[in-house]
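A quick write-up on the structure given underneath.
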Amino acid sequence: MAEIIRGGRAEADRFSVWRPPAGVEGQIPPPGPVLVPLAHWLAGAETLQGRRDTGVWLAPDDDPLALAPWIDGLAVVAVDFPKFTDGRGYSSAYLLRNRLGYRGELRAIGDVLPDQLAYLKRVGFDAFALRPDKKPAQALAAMGAFSEAYQGSTDQPLPVFRRGERPGPAEWKR
């Protein structure tokens, strides 16, 4: 069974990512915990939303706002990164967390590398399915590489210069 990183540790992934062939949007996904493509979710939402073991995965060109009617009932939403150089998934995560208010598990899947995890976490991802050739221990070590971020984002809305006490004029002359 594959592993994912969730809650700062590696654990068995109970969900499988279902990637059906193109042109079969009406096909029923397999039983058990499964992540289905957005097109399949939209085509069969009435049936699928009753399955608590079914989540949705978004391709880079999918509109995350299409999930708005079901956002509170989804346990898992995954965002696919077919290439590590494709950054559209960062925007999808930000929209899901900040515009739609999604509070369930937001998972990065696909070509996910350890050095991306800190940045993925900043925009709201809280679970990571690494590329098969990468080790979770290496990725967990990389997540702690940065202790502070200057800019505000989903994980810390205030930029560093807005946090805490700022020095007054007396401290400027030191």
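The values are calculated or read from the model by the stated rules, or taken from the named source; none is laboratory data. Because the structure is predicted, anything quoted here is derived from the model rather than measured. Here Cβ is always computed from backbone atoms with ideal geometry, including for glycine, and neighbour counts include all displayed protein chains. Ligands, DNA and RNA are stripped out before the accessible areas are found, and what is left, the full protein with its side chains, is counted by its heavy atoms. Shrake-Rupley method; radii C 1.70, N 1.55, O 1.52, S 1.80 Å.
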Residue tally, condition open to solvent by 30 Å² or more (accessible area, probe 1.4 Å), in a helix (DSSP H, G or I) and in contact with a Gly (Cβ under 7 Å, 6 or more places away or on another chain), over segment 61-103: 1
Output for segment 116-163, where each listed residue is open to solvent by 50 Å² or more (accessible area, probe 1.4 Å) and modelled with pLDDT under 75: 144, 145, 146, 147, 148, 150
Considering residues of segment 104-132 that are touching a residue at least 60 places away in the same chain (Cβ under 8 Å) and part of a loop (DSSP other than H, G, I, E, B) only, the residue nearest to residue 149 (Cα to Cα): 126
Options 164, 124, 110: the member that is among the small types (Gly, Ala, Ser) and more than 19 Å from residue 86 (Cβ to Cβ): 164
Per-region count, segment 34-60, residues of a type in the set (A, V, I, L, M, F, W, C), closer than 19 Å to residue 95 by Cα and not in a loop (DSSP other than H, G, I, E, B): 7
Breaking point among (1) surrounded by fewer than 15 Cβ atoms within 10 Å (Cβ to Cβ); (2) in contact with an Asp or Glu (Cβ under 8 Å, 6 or more places away or on another chain); (3) in contact (Cβ under 8 Å) with a residue 40 or more places away in the chain, for residue 10: (1)
Residue 155 part of a helix (DSSP H, G or I), over 15 Å from residue 6 (Cα atoms) and touching a residue at least 12 places away in the same chain (Cβ under 8 Å): no
Subset tally (residues that are assigned to a loop (DSSP other than H, G, I, E, B), of a type outside the set (Lys, Arg) and in contact with a helix residue (DSSP H, G or I) (Cβ under 8 Å, 6 or more places away or on another chain)) for segment 133-150: 5
